[in-house]
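Undergrad: Shown below is the structure under consideration.
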Amino acid sequence: MRRKIIALVTGDGSGPEMMSFACLIAQKAAKKDDIEIVYEETPMGWNAYHQYGDTLPESSLEKAIEIGTIFFGGVGDFENDKTIGVKKPEMKPEARALLKIRKKMGLLLNFRPMIYYKVLAHLAKVKPETIPDEGVEQHWIRFLLEDSYFGTLDFIDQINDETCLKLGIKSKKDVTGKEDMVTELSYFKRETVEKYFRAAFTYARTKGLPVISIDKSNVMNRYDFWRKIATRIGQEEFPDVPLTHQLVDSANALLFTPAKLHGVIVCGNEHGDILSDGAAAALGSMGIMCSSAINPDTGAAMFESGAGTAPDLAGQDKANPIGRILTAAMMLRHIGAVNGAGAIENAVKETLIAGWRTTDLASLNDSPEMILGTSEMSTKILSRI
Ligand code: IPM
Ligand code: MG
């Protein structure tokens, strides 16, 4: 049996409750490919702060980067934000841990697939008749670096104090709310955008799907740039892959008719953050979103589920674990455990087809005994593997 070490961040809020099952499920499923998964804990988030005085302890960061594959349970919660976060804003773990790792590991590609099955059409928040018999595949690939997320952070040191003051450019932790103006810098580098589009077109080609590129090129310069690069790379290098462009505002409206977004959907960091939550909710619930972040050059990867930490449900055994569990399947596929990955995806699908629900997925027609908590839902899925 091959051993595979994975850095584990159990996380904040409901993260640990969901991750304990997702970890077990991944271990069991990986055995189908003769792989033994061994977790090494690398604590991050507010839980790490309470233990080590830092939401990103240096030892955790070093170890996680060295291991190169991270299973990440989500960080952040409002209670700590309101207390320690006010006194020490630099400790807020979303920026300190999550964004730092994405940047340090060069995690450019953020895969967030939303797959609609006709048999589960009633789970979707959109009208069932909008889902065709053959189902819908939306392969969201969010551009996870640069953009408005990293613009100010990356360039503030290169701008003199006088210009920063005049234009309202400041670090996030220094914002008081009393400023006359605050400016956010946003950028895309040609080299990064080209790399991103080559990866997305290649992925679309292997799946036999079109590329749908989201932008705001009618207003913003960086998206004019984005669209021109997409068009050039498409025409010159991937003439066999259909490419369409969609403005972000109209793309948002298309979330209600999922079949119109059937394909590989590429979008900037900020647009992808917003649209992927909407896409997950349209599919059923944010609790079923799975998510992986990959460096296409080194293969470094973080499996992070976009579902957040559901802090309001923490400790109550109520959070939907499916997003974390499907993220474990993505992780297995990445480490070569393809049978295990398929087994997890099937187990989730079968469990839902059998009628089991978590609260966020339940409708008025579901009988109360079919509505399960985190541990019961996880156990149902585990038993099908
Ligand atoms: C996501 C999350 C993160 C993001 C937050 C927690 C920083 O919303 O992965 O979608 O905005 O990227
Ligand atoms: Mg998000």
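The values are calculated or read from the model by the stated rules, or taken from the named source; none is laboratory data. Computed from a predicted model, the values in this text were never measured in an experiment. Positions of Cβ are backbone-derived with ideal geometry, glycine not excepted, and every protein chain shown enters the neighbour counts.
Undergrad: Can we say residue 58 is surrounded by fewer than 20 Cβ atoms within 10 Å (Cβ to Cβ), touching a residue at least 24 places away in the same chain (Cβ under 8 Å), over 28 Å from residue 265 (Cα atoms) and not small (Gly, Ala, Ser)? Show your work before the answer.
TA: Details: surrounded by fewer than 20 Cβ atoms within 10 Å (Cβ to Cβ): yes; touching a residue at least 24 places away in the same chain (Cβ under 8 Å): no; over 28 Å from residue 265 (Cα atoms): yes; not small (Gly, Ala, Ser): yes.
No: the conditions fail for residue 58.
Undergrad: Moving to a separate point now. Go through 75, 38, 86 for me and flag whichever is part of a strand (DSSP E or B) and assigned by TED's automatic domain parsing to the domain that holds residue 378. Write out each step before concluding.
TA: Numbers: 75 fails: part of a strand (DSSP E or B); 86 fails: part of a strand (DSSP E or B).
Just a single option satisfies the conditions, and that option is 38.
Undergrad: How about region 40-50: which of its residues are closer than 14 Å to residue 9 by Cα and either crowded, with 19+ Cβ neighbours inside 10 Å or more than 21 Å from the chain's Cα centre (by Cα) (or both)? Don't jump to the end; show me each part of the working.
TA: Within region 40-50, the subset closer than 14 Å to residue 9 by Cα is 40-49.
Matches in region 40-50: 40, 42, 43, 44, 45, 46, 47, 48, 49.
Undergrad: Having 1 or more residues that are within 16 Å of ligand 2 (Cβ to nearest atom) and crowded, with 19+ Cβ neighbours inside 10 Å is the bar; report the helices (runs of 4 or more DSSP H) wholly within region 201-304 that clear it. Before you say what the answer is, go through the steps one by one.
TA: On the way: elements: 221-237, 248-254, 269-283.
Hits in region 201-304: 248-254, 269-283.
Undergrad: Then there is this: Residue 329 versus (1) within 15 Å of ligand 1 (Cβ to nearest atom); (2) modelled with pLDDT of 95 or more; (3) touching an Asp or Glu at 6+ places or on another chain (Cβ under 6 Å): which is the lone unmet condition?
TA: Result: residue 329 fails condition (1) only.
Undergrad: Just wondering, is there one or more residues in region 80-98 that are among the charged types (D, E, K, R), within 24 Å of residue 152 (Cα to Cα), away from ligand 1 (no atom under 12 Å from the Cβ) and touching a residue at least 24 places away in the same chain (Cβ under 8 Å)?
TA: yes
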